[in-house]
Amino acid sequence: MVRTVFLLLAFLFCFVAPNHIYAAPPTPGYNQSIPSEVLTPETVETRIGTLRFFDGLPDDATVKAVYDNLDFLRGTEAFLQFIPAASLEALREGSASVGSVLPNQVVIMDRLLDSNPLFLTGNTDTVYAMSFLDLERDGPTVIEIPPGCGPGTVNDAFFRFVTDMGGPGPDRGKGGKYLILPDGYEGNIPEGYFTSTSPSSTNWLILRGMLKDGKPDAAAKNFREGLKVYPLSEKENPAKMEFISVSEVPFNTIHANDFKFFEEINNVIQKEPVDFVDPEMRGLLAGIGIQKGKPFKPDARMQKILTEAVAVGNATARAISFRPRSETIYIYDEGSWYTAFDGGDYRWLIDDGKGGRNLDARTLFFYIATVNTPAMVKEMIGVGSQYALNALDTEGAYLEGSKNYKLNIPKDVPAKDFWSIVVYDPQTRSELQTDQSFPSRNSRRDQMQVNEDGSVDLYFGPKPPTGKETNWIQTVPGKGWFLCLRLYGPLKPWFDKSWRPGEIEKL
């Protein structure tokens with residue numbers, strides 16, 4: 001019986017199936033019927049125009065159009081993907097412009113960061129001290145930080161995390177010696193150091209000192225007396241520390257948003273080890289003429305294409321930063337507050353990498369901010385800091401400097417140390433420049449009026465409301481602005497969202 005069924009099926013397959021498979025008439029030019037999805041029509045309408053083909057072969061105009069488009073796409077993607085590297089390079093160049101070129105030459109904002117320097121969303125609330133390491137030039141480098149240092153971080157040339165220091169770091173605020181090693185280092189590693197390895201030669205050290213009695217003096221003194229940075233090879237006789245005060249000094253630390261951006265990236269690629277970024281990323285740059293060991297000399301055609309690519313890339317980064325479309329970036333179910341760390345991962349990995357990297361989230365962060373550390377995303381009760389951004393009013397409109405707004409900060413702000421609001425310029429993503437040196441309000445430094453219910457109303461506009469001067473942050477007519485809420489020493493009600501700030505109301 002089984003044999004009979006088998007023979008019947010074989011008979012049907014041989015004589016019925018072939019007739020079914022080849023029932024369609026042959027495609028012209030072929031012996032058989034060719035699925036339509038395999039073929040390319042003679043003309044195809046696209047966003048880059050009409051593409052024309054002879055039997056699948058693109059004509060001369062189509063070849064030119066698609067190659068121009070390919071170079072444009074690679075240039076745009078290179079802008080979006082390499083913002084972290086360009087930003088850190090701009091920080092390095094900015095530091096060099098004020099005299100910091102060696103690790104012992106520390107830029108310090110001993111009177112806090114006012115609005116004169118261009119510095120991506122820097123705060124007005126802590127004393128910054130920063131220096132650049134060059135592991136290619138100096139080899140393993142030591143950083144000695146004093147006890148009581150606020151949060152500190154070392155990031156590599158692509159703004160990747162290397163190590164934390166201070167409260168969130170392994171010294172836990174007690175101070176200690178850190179040793180940063182070049183990738184592939186094979187020498188002896190001495191004991192007594194918190195040791196980390198960096199994949200790049202250039203590394204940025206950024207430390208923050210906390211206010212005492214609302215003043216920066218103690219933190220600045222702590223850095224000047226206790227911070228040391230030097231090559232390990234010079235540990236017996238390190239160079240004297242130099243502290244370069246840049247409070248109220250106008251200088252730039254922000255990457256370019258025009259063709260110069262690619263020149264900044266080329267500087268990084270020529271300086272760093274060839275494998276400090278992976279082959280895919282290197283290939284993206286090679287596609288537009290940036291490759292280690294070779295000159296970057298785009299011809300007139302390529303310059304024109306890259307100039308347009310960076311313009312579109314810049315517009316894209318601004319849309320991602322100020323009108324984010326991500327469903328996971330907003331902190332609350334309703335309202336406009338959003339986080340700078342979309343996805344809650346300092347590596348910007350989705351599901352710990354199972355979903356790949358959240359490229360838009362990384363673009364957003366580094367277009368408007370600096371310092372990459374897990375301490376900014378981990379739930380560390382009473383340690384470190386947390387951030388929330390807002391660029392819209394309750395009507396969903398951008399914030400505009402000629403109008404007046406109010407923001408309510410409810411009582412019992414969940415911050416062990418203090419909270420602050422800082423206003424920024426959307427063009428520079430730096431502090432808004434007004435008649436106020438510090439476009440901010442800080443619960444430890446400023447004496448603000450408190451409502452009967454314990455909340456605080458903050459006012460924004462070109463002129464202060466009568467009697468509300470202490471709660472007012474000035475804006476500039478004709479200019480936009482956005483703000484950042486910071487909680488230093490965040491507490492549980494911030495993380496479980498049982499406390500939340502008000503929304504920005506237009507008056």
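No value in this document is a laboratory result; all are computed from the given coordinates. Predicted model, so just to flag it, every value in this text is computed and none were measured. Heads up, the Cβs are rebuilt from the backbone with ideal geometry, glycines too, and the neighbour counts pull from every protein chain shown.
Side notes on the structure shown:
- If the segment from Gln270 to Lys492 were pulled out straight at 0.36 nm per residue, it would be longer than the present Cα-Cα gap by 75.3 nm.
- Computed from backbone phi, the HN-Hα couplings of the range 178-193 come to 10, 10, 9, 9, x, 4, x, 4, 10, x, 5, 10, x, 7, x, 10 Hz, rounded to whole numbers (Karplus: 6.51 cos²θ - 1.76 cosθ + 1.60, θ = phi - 60°; Gly and Pro given as x).
- 3J(HN,Hα) couplings calculated from phi for the range 156-170 with the Karplus curve 6.51 cos²θ - 1.76 cosθ + 1.60 (θ = phi - 60°) are, in sequence order, 7, 5, 10, 6, 8, 5, 10, 6, 9, 9, x, x, x, x, x Hz; Gly and Pro show x.
- Pair Gln447, Gln303: separation of 7 Å Cα→Cβ label points (nm): 5.9 nm
- Taking every alpha-carbon pair under 8 Å whose residues sit at least 6 apart, the range 322-506 reaches a relative contact order of 28 percent.
- Table column - 3J(HN,Hα) (Hz), the range 277-290, Karplus curve with 6.51, -1.76, 1.60, x for Gly and Pro: 10, 6, x, 4, 5, 5, x, 4, 6, 4, x, 10, x, 10
- For the range 180-277, the direction-averaged projected area of the alpha-carbon convex hull comes to 9.8 nm².
- 5 angstrom amide H check on Phe418, placed H, neighbours 5+ away: Tyr488
- Dipole of the range 322-506 computed with +1 at Lys/Arg Cβ and -1 at Asp/Glu Cβ about the Cα centre; of Thr363, Trp419, Tyr338, farthest Cα towards the positive end is Thr363.
- Scoring 79-90, 172-183, 440-451 by mean Cβ neighbours within 10 Å over their residues and listing the highest first yields 79-90, 172-183, 440-451.
- The ranking of Ile473, Ile350 from fewest to most other beta carbons within 10 Å of each one's beta carbon is Ile350, Ile473.
- The peptide list 229-236, 25-32, put in order of mean Cβ contacts within 10 Å with the highest first, becomes 229-236, 25-32.
- Dimensions of the range 106-172 from C-alpha coordinates, computed as largest minus smallest value along each principal axis and given longest first, are 35, 27, 20 Å.
- When you count the other C-beta atoms within 10 angstrom of each residue and take the mean per peptide, 186-193, 117-124 line up highest first as 117-124, 186-193.
- Cut-off 13 Å (backbone N to label point 7 Å along Cα→Cβ of Lys212), residues of the range 117-132: none
- Computed FRET value (nearest 0.05) for Val38 with Ala96, which takes r as the C-beta separation and R₀ as 56 Å: 0.50
- With the gyration tensor restricted to C-alpha atoms of the range 94-245, the semi-axes of the equivalent ellipsoid amount to 24, 17, 14 Å, longest first.
- Net charge dipole size for the range 322-506 [Lys, Arg +1 and Asp, Glu -1 on Cβ; Debye, nearest 20]: 420 debye
- Convex hull (Cα only) mean projected area of the chain, reported in nm² to one decimal: 36.0 nm²
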